Every structure is written in structure tokens, then in C-alpha cells.
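Working notes, structure below.
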Amino acid sequence: MGCQWVSMARETWATRLGFILAAVGSAVGLGNIWRFPWQTAENGGSAFLVVYLGIVLLVGVPGLLGEFVIGRRANKSPVGALRELSGSKRWGFVGAFSVITGLSLLSFYSVVGGWILRYLLESGAAVLGGNPAYFTNPGQYFGGVSAGTDAALFHLLFLGLTGLIVLAGIRKGIELGTKVMMPAVLVLLLALAGWAATQPNAAAGYAFFLRFDPSVITENFFAILGPAAGQALFTLSLGAGTMVTYSSYLGEDRSLPLDGSAIAVLNTSVGVITGLVVFPLLFSQGIDPTATGTGPGALFVGLAGAFSQLPAGTLIATTFFAVVTLAALSSSISMLEIPVAFLVDEYGVSRRAAVLGMAGIVAVTGTVCAFNPGIFSFVAGTLVNILLTTGLVAFLLFVGWVMGRDAIEEFSSGAGSLGRRLGTPWLFAVGVVLPLFLVFTLLTHFGVDTNIGFWPTVGLTVVASVAAFLGLRQPNSVV
Ligand code: PHE
């Protein structure tokens, strides 16, 4: 180990745009299109949107830069990167956590990807004549295909496609794939948003999504915080090591602050545009997204219903599901790339064997999710929020306290003078402020604040953060 980079040139992105598009491709996905409306609906509509946007800006962007700094400094995926930069095995274990996160993410993601593929094929076949089967009774149809054998088979199909792209490698697979997929997603989404605006009762959807009501936020702030933070990390692909991995294929001449901001802006715009498609359509169908029981199916049931009412609905549905399939694939490949890069970097395994092995594991775990909606919802909601938040806290503590000055140097490399001046405040934010904030949101997620009160929770946050850090700090200490 450790020397294969000498014998084998590591892959890099071919172009700067290639990296940005791949990272945007990872960020833009079912998180924006499916999980976001679901979580927004479940957590108070526009109030959730505001808190979520705030976290994306104040935590997401600096956090993204934290992952970039680790990856580009080490030119390794998370396990090797943390171990090598710290000289401590213990940090290597923290990196290994991201392999588990990547596999967990893909386990449920691939099931949703499977649903999408199914709707795409169903709609595409109907373009030639007839109506897609889900037009007749969208709720019943979704109930029938969202769990069980059907769901498992389509999950395997989606996973197979993901595996094929990752197999082709960084330049020919991920970079080329996302270069084609991302612009297509943007153009089609904009067209759909324009069309959604013409639908009856679209205004009610905009109101739900955009009306800013400060009282909703102040009353529910702490209840919204955990899910909003989880969603902000999820949508930016943070805390899983994806961005560490992608930036490890990046040269020193790129400006990280610039690239990071571009990625966050693009991702957030797509999220908001998607909201402008989904919410007007749901309301035009008379579907209240906050009604209990809508849950993860809201997008499918609501939109399918909307499409069925429309002239040329089949064509629009096909377009929509094609967009979502592309967006989902450009994210799922980034999830699979985490464990694959781990095997390739750490054990010198061939890309092919790594893809087969890791996809093999997800074939099984995803099938479990496909058969059991309870497990599915737990993995897709709570577990993901917790894994990503914990993962990002670990990365940020690492940047702040283990890399320290090196992090600022890496942050500044390739950056303009403005970017360079931001280095020190940024390091303070990622080393101190953001970990405390994230640990706090984690505690609110478990309802700690409602049980013991606000200030005791703050105290516990500090104690937990310091303990986590001290536990990891000693290089090569007794395990
Ligand atoms: N950001 C992706 C999405 O919104 C999901 C993702 C999370 C991808 C974590 C990689 C790592 O769909």
C-alpha cells in the first residue's frame, strides 16, 4: 500500500468544467427533486425553505470547501486521505465511516431511482399510443410498485446503470456522463417550471413554497433545524466523502472557493426551480403535500395525477422522468464512487472488481429497502440525516484541528486574492462554529432540547464536540 500512486498514474478530471459539472451532478439529484419536496412538506413549507437555505449558505459552502481541501491535499479518497494527512490510523477509521455512508445512501437511493426508471419506461412506452398505467389511479399504482418484487427489480436495473458509468472511470464515465446529463436537466426543468406556471391554482403552490411567515419559523425553529440541516447536507452531497473523493482528482490550479460557490449556487437554483415545478403541480391537483401519509410518494402520486389531466401529459411525463433519471444517475454514481475509490486507492483492486463487489453489496441492501417500506423510510430519512451530519462534523474537525495551517494553504492554492483573504476566518468557522452547530442540530434531531431545555442542550453540544475531538486527536495512540 501507499506506493501504488508511484507506479500507476491516478486519474484526474480532464477540464475544470468537468469537475464542476460532476460535483454539481452529484449535488443535483433526487435530493432536490424528491427528498426536498417531501421534507419541505413534512416540516412546514416555506419556513423549512428559509432555514434550509440559510444552512446551505452558512454551513454548506464552507463545509464543501472543507471536504475539497482534504481531498485535493491528499489526492486520496477519505480513508487514505485522513490517515495520511494525520499520520493516525484512528482517522483512517473515521474515513472508513464514509464507505458505510456511501453504501447506505445508495441502498435507498437506488430504490427511488428504480421507481423513477419504471415511471420513465411506462410513460415512454405510452408515447407511442395509449396512456401510462399510472394515469388511472396514481395512488394505487404507486402503492403497488413502490415496494416488493417490482421495486427490487427496478432497483437492480438502476444500480446496474450506475455501475456501468462508474466502471468507465473518471473521465470517460463520470465526467463525460455528467457533461451531457447536467445541461439537459437544467434546460428541461426550466421548461417544465414555465409550463407549471400556466396550471390552474399554481398560485397556491407558490404561496406554500415561497410565502415568508416569520412566526412559523420562530415557533418551530428547533423542530425544523435537524431535518433542515440534514437536507442541506444531503443536497450538497456533504458528509459522505463524495466531495473529498471528487476533489482528490483535482489539480492545484483551480480556485476552491470559486468552484465551491459555483457548485452551491447551481445546486440551490435547481432545488428552487424544482420546487417551482412540483408545488404548483401538486396544488393544481388539489393535493395538500402536508397531509399525513403523502410522505415519500408525494412526488409520484401528485405529479402523476397532474400529468394525467393534461393534453400531451404523456409526453410531459416522459420528459420529466427522463430529467429525473439523469439527475439521479449523476448522483448515484458519486455514491458508488466513494467505496469504489476506497478499494482502488487502498487495496489496489481493479476498478472493475471494485464496482462489482460494491454494487453486489448494494444489490442486497437495496433489495431489503425495496421490500420493507419501514426500513426504507428510516434509512432515507433519519439514518441519512445522522450519518451525514456526523460525517461532516468529523471532516470539519479534521480540517480545523489536524490540518490547521495546511488547510489554509490548500484553500488558497489557485484562489484569487479575495479567496486567499477568506482563508483564516473560514478555518475558524469550520474548526469551531460549524461543528458546534452541527452537533447541536444532531441533538435537536433526537429531541434532546425538548427534553432537557435549550441551555443544557448547548452545554451538552460543547461537551460532546470536545469529547469527539479529544477521542480522535492523539495520533497513533492506544486504540
Ligand atoms: N446530493 C445528492 C442528491 O441531492 C445525494 C447525495 C448525497 C449524493 C450524498 C452523494 C452523497 O440527490
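The values are calculated or read from the model by the stated rules, or taken from the named source; none is laboratory data. Here the structure is a predicted model, which means the values were calculated and not measured. Quick reminder, even Gly has a Cβ in these numbers, built from the backbone with ideal geometry, and neighbours come from all protein chains shown. The protein model used for the area step is the full one, side chains on, heavy atoms only, and it has no ligands, DNA or RNA in it. Shrake-Rupley method; radii C 1.70, N 1.55, O 1.52, S 1.80 Å.
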Sorting Tyr141, Tyr206, Tyr347 on solvent-accessible surface, 1.4 Å probe, most exposed first, gives Tyr347, Tyr206, Tyr141
Long-range HN-HN contacts of Ala415 with modeled amide H, under 5 Å: Leu256
Whole angstrom only: what separates the Cα centroid of the range 181-259 from the Cα centroid of the range 386-454? 20
Anisotropy class of the range 349-409 from Cα gyration tensor, a/c 1.5 cut: oblate
Give or take rounding to whole Å, what are the principal axis extents of the alpha carbon atoms in the chain, in descending order? 65, 53, 43
Return one whole number: the accessible area per residue of the range 304-367 in Å², for a 1.4 Å probe. 31
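Is the shape of the range 205-353 rounded, prolate or oblate, going by the alpha carbon gyration tensor and its root eigenvalues a ≥ b ≥ c, with a/c under 1.5 for rounded and a/b larger than b/c for prolate?
Judged from the Cα gyration tensor, the range 205-353 comes out prolate (a/c at least 1.5, a/b above b/c).
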Which residue, Val24, Gly45, Ala74, has the largest displacement toward the positive end of the dipole of the range 9-78 when charges sit on each Cβ (Lys, Arg +1; Asp, Glu -1)? Ala74
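Taking all protein chains together and a probe of 1.4 Å, list Phe411, Phe208 from the most accessible to the least accessible. If you can, show how the numbers build up before the last one.
Values: Phe411 5, Phe208 40 Å².
Result of the area sort, largest leading: Phe208, Phe411.
Rounded if a/c is under 1.5, else prolate if a/b beats b/c, else oblate: with a ≥ b ≥ c from the C-alpha gyration tensor eigenvalues square-rooted, which is the range 400-479? Don't skip to the end; give the middle numbers.
Values: a/c = 3.85, a/b = 1.63, b/c = 2.36.
It comes out oblate by the Cα gyration axes.
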With every protein chain in place, the accessible area of Trp38 for a 1.4 Å probe, in Å² rounded to the nearest 10, comes to 20
Between the alpha carbon centres of the range 102-156 and the range 21-62 the gap in Å comes to 23
Residue-averaged 222 nm ellipticity for the chain, from DSSP H runs of 4+ at -39500 (n - 2.57), nearest 500: -23500 deg cm²/dmol
Cα-only Debye scattering, the range 229-268: base-10 log of I(q)/I(0) at q = 0.27, 0.31 Å⁻¹: -1.05, -1.15
Note, ³J(HN,Hα) from phi for the range 237-252, Karplus 6.51, -1.76, 1.60, rounded to Hz, x at Gly and Pro: 6, 9, x, 9, x, 4, 6, 4, 5, 5, 6, 6, 9, 10, x, 6
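Quick check: at a probe of 1.4 Å, how many percent of the accessible area of the range 16-472 sits on carbon and sulfur atoms?
Values: 11150 of 15980 Å².
So the carbon and sulfur contribution to the accessible surface is 70 percent.
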Taking only the alpha carbons of the range 105-257, the radius of gyration and the largest Cα-Cα distance, Dmax, both in angstrom, are 19.9, 55
